[in-house]
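Okay, so here's the structure we're looking at.
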Amino acid sequence: MMTRNLLTNVINEARRGSKFPKVHLLHGDMTDSEVAALYVHPQIKALVSLTRGEGYGLPILEAAASGLPVIATGWSGHLDFLKYGKYVSIYYQLRDVHESRIDNNIFVPGSRWAYADEQDFKKRITKFRTSSATPREWANDLKVALQDNFSLEHVCKLYDNTLGDYLK
């Protein structure tokens, strides 16, 4: 689990010019256009999410729809839209949610989270940093597929096809 002290230590190490890339922390309220600008900024190379469980993953969808390569755990709600193309999928292991997190509302006994395989992540992120041409091609293809399948026009057609006879 990432703690404030650990995060502070990592940032301090990065500031000392170590092997870590430069880190920028964004905080506060951002407008939709400010967030959208991040996905197409030339210094942003990918969206990385080692989520354990995602309801839907709006930032992942926004990044993918913007043509930004996605590196994400191969598990949970974001696969509903990532299945329309390719992305850098990180292996994982499913483990029971720790009992301290069980709230009997969202997390019930027997719930499981996906824990990213650290070695697989390191291997794939290193490969991405040395050669990202293929994931960038995937990202462009996925962008087109998402725009085609989730455009207002396409969604309206789906509603018309499904509900049209009932609404007459």
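Laboratory data are not the source of any read-out in this text; all were calculated from the coordinates shown. Owing to the predicted nature of the structure, the values given are computational and were not obtained by experimental measurement. Cβ: placed from backbone, ideal geometry, glycine included. Neighbour counts: every protein chain shown.
Side notes on the structure shown:
- Set of aspartates and glutamates near Lys143 by C-alpha distance (under 19 Å), chain-local residues within fewer than 8 positions excluded: Asp32, Glu62, Asp80, Glu153
- Proximal lysine pairs, the stretch 15-114, alpha carbons under 25 Å, eight or more residues apart or interchain: 4
- Contact order normalised by residue count of the stretch 4-163, Cα under 8 Å, 6+ apart, percent: 20
- The calculated FRET efficiency for Leu167 paired with His27, based on their beta-carbon distance and R0 = 35 Å, is about 0.15.
- Degrees separating the helix 133-149 axis from the principal Cα axis of the chain, which is the longest one: 30
- Listed residue (Tyr91, Ser151, Asn104) projecting farthest to the positive dipole end of the stretch 63-165, Cβ model: Tyr91
- The Cα atoms of the stretch 4-163 give a gyration tensor whose axes a ≥ b ≥ c have a/c of 1.5 or more with a/b no greater than b/c, which makes the shape oblate.
- Lys, Arg +1 and Asp, Glu -1 on Cβ, resulting dipole of the stretch 4-163 about Cα centre, debye, nearest 20: 960
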